[in-house]
Amino acid sequence: MAKRTRKTGKLYTCASCGERRVLDEMRHLGSTRGKAPSTCRECRDSHPTDSWCDPHSQWHPVGLFRKNGQGRPGYRNRCMEADSYQASRKRGIPRVTCESCQESMDSWTFSQRRNWTPTCRKCVDLNPGQRWCRDCRTWLDESKFCRTGKDGKFRATRCTPCRAAYSHSVTVAEVLRLQGTTTPCCAACGATSNLKIDHDHTCCPAERSCGRCVRGYLCHECNTAEGLLKTPERAASLAVYMAKFTTP
């Protein structure tokens, strides 16, 4: 059987400069196999921190691309955004409405998996350092959202007060109405940080509740003290004891 020989005279068009190049001028240095890249080596050398995306027909930062597989040098000819778009179209995923701008878009324009958000990437880029709260329906500072996942890699889709209320089947407005206040705060000491939802454990012994036995917000310290003391009489007795040894 005759040995196959590579046709070296074939010319390839560089997607960036439009010049016709031979295969050796298209490949990465040291590469002898695989499909020829979309751009010539000269154009890639003039864009050292970028890579070419065929669907977008422009250069993007290399951080937006996956590397070529099987140990081949360089990056894929589609950015990750284009990959997501192609995958969503292939699976026939329905369009999603952004909760911030109310525009209907393809699902690939939203962050996916554990980092999923109800807002499109465009709105996220327009609000740096902020995050959309699904219940407040507004942009808030990222510090108002608790971290989730391993090593706190992700953030919740609801701010801390809304997340606490959601886990007890109520809204922040309903809890504030019970307390008679306008902003979330501890019903005992007035603290505004590290708030928990207080509920009747005789009705719902677990951490979550049905919503009907919710009594209001308590800070972590007051909520812990209430859980340990259990009865008003015991709390009153402890208060008398502490007052006895308090220095005027």
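Give the residues of region 184-205 that are modelled with pLDDT of 85 or more and of a type in the set (Gly, Ala, Ser), sorted by residue number.
Once the filter is applied, which keeps residues that are modelled with pLDDT of 85 or more and of a type in the set (Gly, Ala, Ser), region 184-205 yields 187, 188, 190, 191.
Within the group 208, 212, 163, which residue is modelled with pLDDT under 90, in a helix (DSSP H, G or I) and in contact with a Ser or Thr (Cβ under 9 Å, 6 or more places away or on another chain)?
Matching residue, one of 208, 212, 163: 163.
Is there a residue in region 183-198 that is in a helix (DSSP H, G or I), free of Cβ contacts under 8 Å to residues at least 60 places away in the same chain, surrounded by 12 or more Cβ atoms within 10 Å (Cβ to Cβ) and outside the structural domain of residue 132 (by TED's automatic domain parsing)?
no
Evaluate the following for residue 170: is it assigned by TED's automatic domain parsing to the domain that holds residue 223 and either among the aliphatic types (A, V, I, L, M) or part of a helix (DSSP H, G or I) (or both)?
yes
Taking region 81-97, which residues are modelled with pLDDT of 80 or more and touching a helix residue (DSSP H, G or I) at 6+ places or on another chain (Cβ under 6 Å)?
The one that is modelled with pLDDT of 80 or more and touching a helix residue (DSSP H, G or I) at 6+ places or on another chain (Cβ under 6 Å): 96.
Please specify each residue of region 58-71 satisfying the condition of being loosely packed, with under 13 Cβ neighbours inside 10 Å and either in contact (Cβ under 8 Å) with a residue 24 or more places away in the chain or touching a Pro at 6+ places or on another chain (Cβ under 8 Å) (or both).
The one that is loosely packed, with under 13 Cβ neighbours inside 10 Å and either in contact (Cβ under 8 Å) with a residue 24 or more places away in the chain or touching a Pro at 6+ places or on another chain (Cβ under 8 Å) (or both): 70.
Residue 131 versus (1) modelled with pLDDT under 85; (2) touching a helix residue (DSSP H, G or I) at 6+ places or on another chain (Cβ under 8 Å); (3) on the phi < 0 side of the Ramachandran plot: which is the lone unmet condition?
Result: residue 131 fails condition (1) only.
Across region 208-248, which residue is farthest from the chain's Cα centre (by Cα) among those that are of a type in the set (S, T, N, Q) and closer than 28 Å to residue 177 by Cα?
For region 208-248, the residue satisfying everything is 231.
Restricting to region 48-81, count the residues that are basic (Lys, Arg) and more than 26 Å from residue 120 (Cβ to Cβ).
2
Looking for whichever is under 28 Å from residue 183 (Cβ atoms), touching a residue at least 40 places away in the same chain (Cβ under 8 Å) and not polar (S, T, N, Q) here; the options are 118, 128, 161. Which one fits?
On inspection, the qualifying residue turns out to be 161.
Which of the residues belonging to region 151-160 are assigned to a helix (DSSP H, G or I) and under 13 Å from the mean Cα position of the chain (by Cα)?
Selection gives 152 alone.
The values are calculated or read from the model by the stated rules, or taken from the named source; none is laboratory data. Nothing here was measured: the structure is a model prediction, and the numbers come from that model. Glycine gets a Cβ as well: all are built from the backbone with ideal geometry, and neighbour counts include every protein chain shown.
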